[in-house]
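S.K.: Got a structure for you, written out below as C-alpha cells; questions coming shortly.
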Amino acid sequence: MGMIGGGLTSFIGPVHRKAIGIDGQIELVCGAFSNDPTESKETGKSLFLNHKRVYESYHEMFEIEKKMEPHQRIDFVSIVTPNHVHYEPAKLALESGFHVVLEKPIAYSLAEAKLLQKLVEKTGLILALTHTYTGYPMVKEARQLVKSGRLGKVRKVFVEYPQGWLSTRVEKTGNNQASWRTDPKRSGLGGAIGDIGTHAANLAEYITDSPIAEVCTMLNSVVPGRQLDDDSSMLLKFDNGATGVLLATQVAAGEENNLNIRIYFEKGGLEWHQEDPGTLVLKWLDKPKEILRAGWNYLSDDAKKFIRTPAGHPEGYLEAFANIYRAFANAMNEYKPGKKMNAKKYDFPDVYDGVRGMAFVESVVRSASSNKKWVKIKA
C-alpha cells in the first residue's frame, strides 16, 4: 500500500495504518503524506519507510511507482486527505493502474464522484470507500436478519448521529480537523451532513438493503459565523415504501460519537449503537426481546467471518476499519484484469456507494433551500 495524506498532524491517517496491521495482509511501503514535502519526509521517517519511497507529492509517487517491476511497486493507494483532495489523486491512481481505498465522502461534488465511477468502470480496477460503520460484525448481522425476512417488511427507520465537538467555533483555535471540515472550499457543500450525515444515511441503506429515494430537510448553522451546516434534521422515504427520520448534528454538547439506528418491521425491530458495537437488540411484537452479542456461534456467517476474538473480548472502530481493508484485500487477491468485480460479494463499500453519498449530500442541501416538501435523490 501507498498512502496519500496521513501526515504527522493527521487524525485519520494513523487510524488507517493501524487498521491495515490487524490482519497482516497489507504493508505500507511508500507515501506522499503531506503537501508540505518536509512533513511528508518526517512522517516517512517516523514510520521507518525507505526514504527513497517517501515522496514530495502524489504526482511524483505515481510516476515512480508505476515504472517499477510488478513485484516491487504498490498494489493500491489509500487516500486520506480532506474532501477537496480526493478526486485528483484517485483519478491519477486509477489511470496509473492502481486500485484505490478512499476516505468518504468520495469527492468534493457529485460531478467528481460520477467521473470516478466512469473511470472505475473503464479500468475495471477496485475502489473501496471507508464507510467504517458497515464494517462492524453486528451491523452485518442486522443486515442479514433483514434479508432473511424473519422480521417482515421494513416500515420505519430512525437513524441519528449526534456529536458535540463543534459546539463552539473551534475552527478558529487552530484545530486542523475542524478548520477544513467547516470550510466550503475544502469540505464541499455539506458540513455535518457531509461528514457524519453520509455515514448515517449509508448505515440505513446498508442494513435495510434499500436506497433512500427522497428527503425533506432542514439544515442549520447553529454556531455564529460558521459557513457550513453543523446540524440537520430530515424525513426520509425509501424506495421500498418505508419512511424514516435522520438526525446528524455536531453541536450536541456532551455527545461523543453516538451513531445509532432503530429499524421497525411488521414483526419486530432492531437496535444498534456504535458506542456499544458488540450488541444488537432484536425486538419482537409478541415475545421478549433478544440481546445478540458478537463472538457467539448463533450469529450468521456474514457476521462471524468478520469477528476475530471470542465473545466478551471487545472489537471496535479499528477492527471495523480493518474489516473493510480485509474485504478489499480479498477482492484484490482475486482480481483479474478485464473481469468485472462485484464489491457485494466481498462486502465493502464501493464507488457506487460513494456516488450515492454525494447525491445524498447535494439532495439534502437542495431540499433545505427549497420550498418543496420532498426532493428526489438522483444518483
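The values are calculated or read from the model by the stated rules, or taken from the named source; none is laboratory data. Keep in mind that what you see is a predicted model, and the values were worked out from it rather than measured. Cβ atoms come from the backbone with ideal geometry, glycine included; neighbour counts cover every protein chain shown.
S.K.: Quick one: how many residues across segment 289-333 are assigned to a loop (DSSP other than H, G, I, E, B) and of a type in the set (Val, Ile, Thr)?
M.R.: Of the residues in segment 289-333, 2 are assigned to a loop (DSSP other than H, G, I, E, B) and of a type in the set (Val, Ile, Thr).
S.K.: For residue 275, work out the one condition from (1) surrounded by 13 or more Cβ atoms within 10 Å (Cβ to Cβ); (2) at pLDDT 95 or above; (3) under 30 Å from residue 219 (Cβ atoms); (4) not hydroxyl-bearing (Ser, Thr, Tyr) it doesn't fulfil.
M.R.: Of (1) surrounded by 13 or more Cβ atoms within 10 Å (Cβ to Cβ); (2) at pLDDT 95 or above; (3) under 30 Å from residue 219 (Cβ atoms); (4) not hydroxyl-bearing (Ser, Thr, Tyr), only one is false for residue 275: (1).
S.K.: Here's something else I'd like to know. Taking residue 229 as meeting all but one of (1) outside any loop (DSSP other than H, G, I, E, B); (2) touching a residue at least 24 places away in the same chain (Cβ under 8 Å), write down the number of the exception.
M.R.: (1)
S.K.: Just a yes or no: is a residue in segment 234-248 over 21 Å from residue 211 (Cα atoms) and either aliphatic (A, V, I, L, M) or at pLDDT 95 or above (or both)? Walk me through how you get there before you give the answer.
M.R.: Filtering segment 234-248 down to residues over 21 Å from residue 211 (Cα atoms) leaves none.
No, segment 234-248 contains no residue that is over 21 Å from residue 211 (Cα atoms) and either aliphatic (A, V, I, L, M) or at pLDDT 95 or above (or both).
For (1) of a type outside the set (Ser, Thr, Tyr); (2) at negative phi; (3) in the same structural domain as residue 68 (by TED's automatic domain parsing), each residue gets a yes or a no:
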{"site": "83", "(1), (2), (3)": "yes, yes, yes"}
{"site": "94", "(1), (2), (3)": "yes, yes, yes"}
{"site": "101", "(1), (2), (3)": "yes, yes, yes"}
{"site": "105", "(1), (2), (3)": "yes, yes, yes"}
{"site": "109", "(1), (2), (3)": "no, yes, yes"}
{"site": "115", "(1), (2), (3)": "yes, yes, yes"}
{"site": "126", "(1), (2), (3)": "yes, yes, yes"}
{"site": "145", "(1), (2), (3)": "yes, yes, no"}
{"site": "154", "(1), (2), (3)": "yes, yes, no"}
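S.K.: Now for a separate question. Among the listed residues 104, 66, which satisfies the condition of being under 16 Å from the mean Cα position of the chain (by Cα) and basic (Lys, Arg)?
M.R.: 104
S.K.: Examine segment 341-358 for a residue that is polar (S, T, N, Q) and modelled with pLDDT under 95, and state whether such a residue exists.
M.R.: Taking every residue of segment 341-358 in turn, at least one turns out to be polar (S, T, N, Q) and modelled with pLDDT under 95.
S.K.: Of the numbered conditions (1) over 29 Å from residue 192 (Cβ atoms); (2) in a strand (DSSP E or B), residue 270 fails exactly one; give the number of that condition.
M.R.: (1)
S.K.: Pairs, please: C-beta under 9 Å, at least 6 apart or cross-chain, first residue outside the structural domain of residue 90 (by TED's automatic domain parsing) and outside any loop (DSSP other than H, G, I, E, B) and in segment 351-376, second at pLDDT below 95 and of a type in the set (Phe, Trp, Tyr)?
M.R.: From segment 351-376, the pairs are 367/374.
S.K.: Moving on. Which condition number in (1) within 18 Å of the chain's Cα centre (by Cα); (2) modelled with pLDDT of 95 or more is the one that residue 177 fails?
M.R.: Failed condition: (2).
S.K.: Something else: Which residues, taken from segment 309-329, are exposed (fewer than 15 other Cβ atoms within 10 Å of the Cβ) and of a type outside the set (Gly, Ala, Ser)?
M.R.: Quick first cut of segment 309-329, residues exposed (fewer than 15 other Cβ atoms within 10 Å of the Cβ) only: 309-314, 316.
309, 310, 313, 314 - these are the residues of segment 309-329 that are exposed (fewer than 15 other Cβ atoms within 10 Å of the Cβ) and of a type outside the set (Gly, Ala, Ser).
S.K.: Shifting gears a bit: For segment 9-42, name all the residues that are more than 30 Å from residue 306 (Cα to Cα) and not polar (S, T, N, Q).
M.R.: Matches in segment 9-42: 32, 36, 37, 39, 41, 42.
S.K.: Out of curiosity, is residue 43 of a type in the set (Val, Ile, Thr) and more than 24 Å from residue 322 (Cα to Cα)?
M.R.: In short, no.
S.K.: Next up: Do we find that residue 331 is touching a Gly at 6+ places or on another chain (Cβ under 6 Å), closer than 28 Å to residue 14 by Cβ, outside the structural domain of residue 194 (by TED's automatic domain parsing) and not β-branched (Val, Ile, Thr) in this structure?
M.R.: no
S.K.: Is there any pair with a first residue in segment 4-22 that is assigned to a loop (DSSP other than H, G, I, E, B) and a second that is of a type in the set (A, V, I, L, M) and buried (at least 23 other Cβ atoms within 10 Å of the Cβ) whose Cβ atoms are under 6 Å apart and which are 6 or more apart or on different chains, and what are they?
M.R.: Qualifying pairs under 6 Å: 6/80; 22/322.
S.K.: A further question on this structure: Filter segment 336-351 for residues that are over 15 Å from the mean Cα position of the chain (by Cα) and surrounded by 11 or more Cβ atoms within 10 Å (Cβ to Cβ); which is nearest to residue 137 (Cα to Cα)?
M.R.: Taking the candidates together, the pick is 346.
S.K.: Quick check on this structure: which one of 118, 122, 140, 114 is basic (Lys, Arg), within 18 Å of the chain's Cα centre (by Cα), under 26 Å from residue 332 (Cβ atoms) and surrounded by fewer than 21 Cβ atoms within 10 Å (Cβ to Cβ)?
M.R.: Values: 118 fails: within 18 Å of the chain's Cα centre (by Cα); 122 fails: within 18 Å of the chain's Cα centre (by Cα); 140 fails: surrounded by fewer than 21 Cβ atoms within 10 Å (Cβ to Cβ).
The unique qualifying residue is 114.
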